[in-house]
1. Let me confirm something: among ALA256, ALA289, ALA260, which residue is part of a helix (DSSP H, G or I) and within 22 Å of ALA142 (Cβ to Cβ)?
2. Mind listing whichever residues of the range 311-365 are among the basic types (Lys, Arg) and either farther than 23 Å from GLU227 by Cα or within 16 Å of the ligand (Cβ to nearest atom) (or both)?
3. Restricting to the range 250-271, what's the tally of residues that are within 14 Å of the ligand (Cβ to nearest atom) and either closer than 20 Å to GLU348 by Cβ or surrounded by fewer than 17 Cβ atoms within 10 Å (Cβ to Cβ) (or both)?
4. Within the set of pairs 6 or more residues apart or between chains, which connect a residue that is free of Cβ contacts under 8 Å to residues at least 24 places away in the same chain inside the range 73-93 to a residue that is among the basic types (Lys, Arg) with Cβ atoms less than 9 Å apart?
5. Quick check on my filter: what residues within the range 186-218 are over 28 Å from PRO135 (Cα atoms), surrounded by fewer than 19 Cβ atoms within 10 Å (Cβ to Cβ), out of contact with any Lys or Arg (no Cβ under 6 Å at 6 or more places or on another chain) and in contact (Cβ under 8 Å) with a residue 60 or more places away in the chain?
6. Name the pairs whose Cβ atoms lie under 6 Å apart, with the first residue in the range 333-359 and part of a helix (DSSP H, G or I), the second at pLDDT below 95 and of a type in the set (Ser, Thr, Tyr), and 6 or more positions between them or separate chains?
7. For the range 62-81, name all the residues that are farther than 17 Å from ASN371 by Cα and more than 15 Å from the chain's Cα centre (by Cα).
8. Does at least one position in the range 362-377 carry a residue that is loosely packed, with under 13 Cβ neighbours inside 10 Å, without any contact (Cβ under 8 Å) to a residue 24 or more places away in the chain and not in a strand (DSSP E or B)?
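The values are calculated or read from the model by the stated rules, or taken from the named source; none is laboratory data. Computed from a predicted structure; not experimentally measured. Heads up, the Cβs are rebuilt from the backbone with ideal geometry, glycines too, and the neighbour counts pull from every protein chain shown.
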Amino acid sequence: MSTATSRTAEQTDTAKLSIGDTVLELPVITGTENESALDISKLRAKTGVITLDEGFVNTGSTTSAITFLNGEEGILRYRGYPIETIAQNCDFIEMSYLLLYGELPTASELRTFREGIRQHTMIHEEMKSFYNGFPRDAHPMAILSSVVGALSTFYQDSLDPNDPEQVTISIYRLLAKLPTIAAYSYKKSIGQPFMYPRNDLDYTSNFLHLMFATPAGPYEIDPDFAEALNLLLIVHADHEQNCSTSTVRMVGSSDANLFACISAGISALWGPLHGGANEACVNMLQQIADDGGDVDKYVNMAKDKTNGFRLMGFGHRVYKNYDPRALIIKKACDKLLAKLQLDDPLFEVAQKLEEVALRDPYFVERKLYPNVDFYSGVIYRALGIPVQMFTVLFAIGRLPGWLAHWVEMHNSPSKRIGRPRQIYVGPTEREWTPIESRS
Ligand code: SDX
């Protein structure tokens, strides 16, 4: 299995920082895409001062060779390949190999990888009893993070993050079992029996089988559905140091087992400002449709700071241009709805909302564009995926990205436990007050 030759950033300049009487020279390092950063690793030791950057808007946590984003130009590449090229030429498993090992697999490497995953699609039979403990209306993201974390109780033979063989089998187990665990949460919610995986099917066809087949009769997989799902998983697969990936890296930096790290990533993704936005976006589109399709009203609400309403699926920390994934998904929406001869009113509302917002100075000035979550829900609906499962699909897509970053972090010679500093603003030292004297 080939592994990427990860490069390091080079020092290309020196910056001078003067604090009080000290003038400190800070190395300026530059990556392969000419992004530059101040290396402040000696700052506190030499000046006693730290940096502060809420939300890490200006702070890089690491160097990485996995994904490159250019937010100004709307560029996204996995291991140097543009997302558009990957979406046209790869299936999800081949792309997962690329993310994990840094190179496109040979036919033999891909066969081994595919077979390795297929051996692990079932979960331990006794794990199914977990589902009896959840209420019928449990959110599937809660079930996903719980059952994934619990994999560490059944697969205790692969918990050591520093044993390459245990890491490899954990990677196979997670890629193989996540669709099974996800589909079981859906079956539980509708009171249908769990289906066993079918290892004769490709990854997305097997997921559709797990979700929609029943023991009562044949289930025919629509190849257009499997193709659309494959595309959606690919465009969700990685996005450099986003909230959930940074969470996986942070938890992994303590040498926690891989199942625990992925469970933490799933929880971070659930938030409506992150992966949960696809579910929130479709609920917003439905609200607008139910409200007569009055998009101007909701655009104005989003501009009014007093009500906290935001256009879900709009805006991005990095992209200050159209999210390239949103473009790919929007085209796939058009194609699938036309093929199915479906007129989804929410797709109409979404296109109208986009048109109005992208003309409005509030959105133009802030460079707010549709992001990956804006159109994905329309496709999931066309595939018959229930709204509460949308973020679960995001998690299945994002898994190879989380895994690739976790491996890169563990393989880094400069790996250390993540432990940010802070600036304390609480009370300075004060005298104790006995309880009888407290008013
Ligand atoms: C994902 O990081 C990643 O890469 C994430 C992701 C991935 O693949 O991992 O791409 C996936 O999480 C996509 C984003 C999904 N979330 C949403 O669609 C929720 C709605 N969007 C936002 O809440 C917001 O845009 C964020 C959370 C995505 C980004 O937040 P930032 O970078 O902290 O920006 P901000 O909140 O500081 O907003 C800047 C300005 C503010 O106005 P001003 O204070 O300048 O007047 O833009 C406004 C915000 O009020 N704004 C919005 C808005 N998003 C930002 N106003 C209305 N509607 C919005 N959606």
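1. Unique residue meeting the criteria: ALA260.
2. Matches in the range 311-365: ARG317, LYS320, ARG325, LYS330, LYS352, ARG359.
3. Summing the residues that are within 14 Å of the ligand (Cβ to nearest atom) and either closer than 20 Å to GLU348 by Cβ or surrounded by fewer than 17 Cβ atoms within 10 Å (Cβ to Cβ) (or both) in the range 250-271 gives 1.
4. Pairs that qualify, where the first residue is free of Cβ contacts under 8 Å to residues at least 24 places away in the same chain and the partner is among the basic types (Lys, Arg), are THR85/ARG77.
5. ASP202
6. CYS333/TYR375
7. THR62, THR63, SER64, ALA65, ARG79, GLY80, TYR81
8. Within the range 362-377, one or more residues are loosely packed, with under 13 Cβ neighbours inside 10 Å, without any contact (Cβ under 8 Å) to a residue 24 or more places away in the chain and not in a strand (DSSP E or B).
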